[in-house]
């Protein structure tokens, strides 16, 4: 009885491993996803040899194993170091861009961020040196983390909504005039 109770407690305490799978977009770009809960998934980092290139259009939903999942998050490090990616379309329904999600995407020129995104975590677009424009059409954002757009040296246009909680140095080292944002 005691051993059974111990096994039960361990089963409750240890998290189940999250299911990860890959699927191709309409443009034949292979992306990786992790099931979060119910029918929600996050885009996660691919193996280094399978980093996406060119234009990446993340679909709002993905079909896998006889189920349709809603894409709600770009996970930590999802596209980190994808230095041949030129643009990224993030669909409506995504609410969070995780830490370091696009860090080091040095050829990323444009990213379309939908109004549903309310959280952009720390270093999300750090050192995206070719990124030229940041536009978030949301009426309000909950959080933009430290250094989120720092070292984006080609930035010429930035438009963000009101931000409830803003990290430090979100636009440091990008050449924009002080007070330029908003």
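The values are calculated or read from the model by the stated rules, or taken from the named source; none is laboratory data. All of these numbers come straight from a predicted model, not from anything done at the bench. With ideal geometry, Cβ positions are generated from the backbone for all residues, glycine too; neighbour counts draw on all protein chains shown.
What the table below lists for this structure:
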quantity: Count - residues of segment 30-45 that are in a loop (DSSP other than H, G, I, E, B) and either touching a helix residue (DSSP H, G or I) at 6+ places or on another chain (Cβ under 9 Å) or surrounded by 17 or more Cβ atoms within 10 Å (Cβ to Cβ) (or both); calculated: 1
quantity: Exclusive hit being farther than 19 Å from residue 54 by Cα and under 14 Å from the mean Cα position of the chain (by Cα), set 148, 164; calculated: 148
quantity: Residue match in segment 81-89 (condition: in a loop (DSSP other than H, G, I, E, B), crowded, with 21+ Cβ neighbours inside 10 Å and either more than 15 Å from the chain's Cα centre (by Cα) or touching a residue at least 12 places away in the same chain (Cβ under 8 Å) (or both)); calculated: yes
quantity: Among residues of segment 46-56, those that are surrounded by 17 or more Cβ atoms within 10 Å (Cβ to Cβ) and assigned to a strand (DSSP E or B), counted; calculated: 1
quantity: Subset of segment 101-114 (residues that are out of contact with any strand residue (DSSP E or B) (no Cβ under 9 Å at 6 or more places or on another chain) and surrounded by 21 or more Cβ atoms within 10 Å (Cβ to Cβ)); calculated: 103
quantity: Residue list for segment 115-135, restricted to those being crowded, with 16+ Cβ neighbours inside 10 Å and within 22 Å of residue 72 (Cβ to Cβ); calculated: 116, 117, 118, 119, 120, 121, 122, 123, 124, 125, 134
quantity: Test: residue in segment 111-123 that is part of a strand (DSSP E or B) and over 14 Å from the mean Cα position of the chain (by Cα); calculated: no
quantity: Test set (1) modelled with pLDDT of 90 or more; (2) more than 17 Å from the chain's Cα centre (by Cα) - residue 159 fails condition number; calculated: (1)
quantity: Residue match in segment 63-73 (condition: within 21 Å of residue 110 (Cβ to Cβ) and either surrounded by fewer than 20 Cβ atoms within 10 Å (Cβ to Cβ) or touching a strand residue (DSSP E or B) at 6+ places or on another chain (Cβ under 9 Å) (or both)); calculated: yes
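Per-residue answers, yes or no, for (1) modelled with pLDDT of 95 or more; (2) more than 13 Å from residue 44 (Cβ to Cβ); (3) within 9 Å of the chain's Cα centre (by Cα):
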{"site": "76", "(1), (2), (3)": "yes, no, yes"}
{"site": "94", "(1), (2), (3)": "yes, yes, yes"}
{"site": "101", "(1), (2), (3)": "yes, no, yes"}
{"site": "104", "(1), (2), (3)": "yes, yes, no"}
